[in-house]
Amino acid sequence: MTDDSSNRNHDSSRRRLIQAAGVAAVAGASAFSQRASAAAPDAPDGTAIPLADPKGLFPHPPFSAQPQPWPGLASKMNLRPDHGEQSYRGNGRLAGRKALITGGDSGLGRAAAIAYAREGADVAINYLPQEESDAREVQALVQQAGRKFVGLPGDIRHEAFCRKLVSQAAAQLGGLDIFVNCAGRQHTHDDILDVSTEDFDWTLKTNLYALFWLTKAAIPHMPPGSSIIFTSSTNAYNPSTNILDYSITKAGIANFAKGLAKQLVKRGIRVNAIAPGPFWTALQVSGGQTMENVEKLGADVPMGRPGQPVEIAPVYVQLASTESSYMTGQVVGVNGGVGLP
Ligand code: NAD
Ligand code: MG
């Protein structure tokens, strides 16, 4: 580096990050705002986030063991995930768009919902009735962004509900041009002999059948230019030993996105999937992982930490936007450096 002022800015950003990390660790409450506080005073105009070493951003393991009953609440996590509540800045990239996001109450879906609203889209989210309090937080955030919010609770393991969900979203939004599937079921079992037919059916119904039903219901509403975004996983390519049934579905989702993309070009609809690595979300602490794995979440990826949902939001935005008009049938990794096949 030859530019002393860059060095000074970088150093002061790092100091603020370290201070913020210290505050978060002491408070034991939230992964929020480490990037937001780093962004604030000396960020150049139009730059939301200054230069920062990604390894130093956000909390690192060890985390505290914190079992929650399924489906888990983001609001009860220690640390609370950062979904961009205090940091995501929109630039009108999705102005006037109409999005349905399943699993939009928490985790990656909430990060997408916040980002979409701040980029100018109206947002409908689906979630389970047990997640009403998390969904209310998303409602407040979408409405604070000046956008319409539609909350549609219900269980996507039922075909009739999937059809109703899509038709209600389209009716209440006045159309539909973005469909994001973030709802997912992940439950840890160390041994295949412990996976019951009921467990297997639950995972496949949530992750694959519902996706099939929802996608079929959504397509007729979607005009040319619309975007469908599925949520796969690094487990699609490199399955963990304790979530075999889940990994099968995530491989199926990636494959579904690639094949459907070819078919839907004729309608002018793009289809892509995102394949996240380990992210700090309610799914992990509500049966998705052993508490031993939660405590060390992200330790085994090159970045040495889990992603925070806000770190994947820009990819959901990019794939939804017409900026990505030549991008379809892709599986995009966001995984702290483990790579794709
Ligand atoms: P999350 O728990 O915050 O979100 C998952 C959501 O799925 C829940 O909020 C819930 O509303 C929804 N859901 C589950 N079963 C449902 C059902 N039967 N009916 C309706 N909704 C249901 O966790 P997350 O990590 O943000 O998960 C979002 C997606 O990301 C999932 O598809 C997950 O497989 C995927 N993913 C997560 C990670 C990670 O490390 N967190 C990694 C790769 C992929
Ligand atoms: Mg949830």
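The values are calculated or read from the model by the stated rules, or taken from the named source; none is laboratory data. Since the structure is predicted, the reported quantities are computational estimates derived from the model, not experimental observations. Cβ atoms come from the backbone with ideal geometry, glycine included; neighbour counts cover every protein chain shown. Side chains included, ligands, DNA and RNA excluded: accessible areas come from the protein's heavy atoms. Shrake-Rupley method; radii C 1.70, N 1.55, O 1.52, S 1.80 Å.
Okay, here's what the table says:
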| quantity | calculated |
| --- | --- |
| Selection from the stretch 51-79 of residues that are away from ligand 2 (no atom under 16 Å from the Cβ), outside any loop (DSSP other than H, G, I, E, B) and open to solvent by less than 80 Å² (accessible area, probe 1.4 Å) | Pro54, Gly56 |
| Test: residue in the stretch 119-126 that is near ligand 1 (Cβ under 8 Å from one of its atoms), among the small types (Gly, Ala, Ser) and within 19 Å of Phe230 (Cβ to Cβ) | no |
| Long-range neighbours under 6 Å by Cβ, at least six apart or interchain, first residue closer than 26 Å to Gln168 by Cβ and more than 12 Å from ligand 1 (Cβ to nearest atom) within the stretch 81-110, second open to solvent by 30 Å² or more (accessible area, probe 1.4 Å) and at pLDDT 95 or above | Gly90/Arg118 |
| Complete set of residues in the stretch 213-235 that are surrounded by 23 or more Cβ atoms within 10 Å (Cβ to Cβ), assigned to a loop (DSSP other than H, G, I, E, B) and in contact with a helix residue (DSSP H, G or I) (Cβ under 7 Å, 6 or more places away or on another chain) | Ser232, Ser233 |
| Test: residue in the stretch 317-326 that is open to solvent by 10 Å² or more (accessible area, probe 1.4 Å) and either within 23 Å of Gly56 (Cα to Cα) or within 14 Å of the chain's Cα centre (by Cα) (or both) | yes |
| The stretch 202-232, subset away from ligand 2 (no atom under 16 Å from the Cβ) and among the hydroxyl-bearing types (Ser, Thr, Tyr), residue nearest to Gly174 (Cα to Cα) | Ser226 |
| The stretch 164-198 - residue that is surrounded by 15 or more Cβ atoms within 10 Å (Cβ to Cβ) and among the charged types (D, E, K, R) and, of those, nearest to Gly96 (Cα to Cα) | Asp177 |
| Members of the stretch 140-149 found to be touching a helix residue (DSSP H, G or I) at 6+ places or on another chain (Cβ under 9 Å) and surrounded by fewer than 19 Cβ atoms within 10 Å (Cβ to Cβ), listed by number | Gln143, Gln144, Gly146, Lys148 |
| Residue match in the stretch 176-183 (condition: in contact (Cβ under 8 Å) with a residue 60 or more places away in the chain, within 11 Å of ligand 2 (Cβ to nearest atom) and part of a loop (DSSP other than H, G, I, E, B)) | yes |
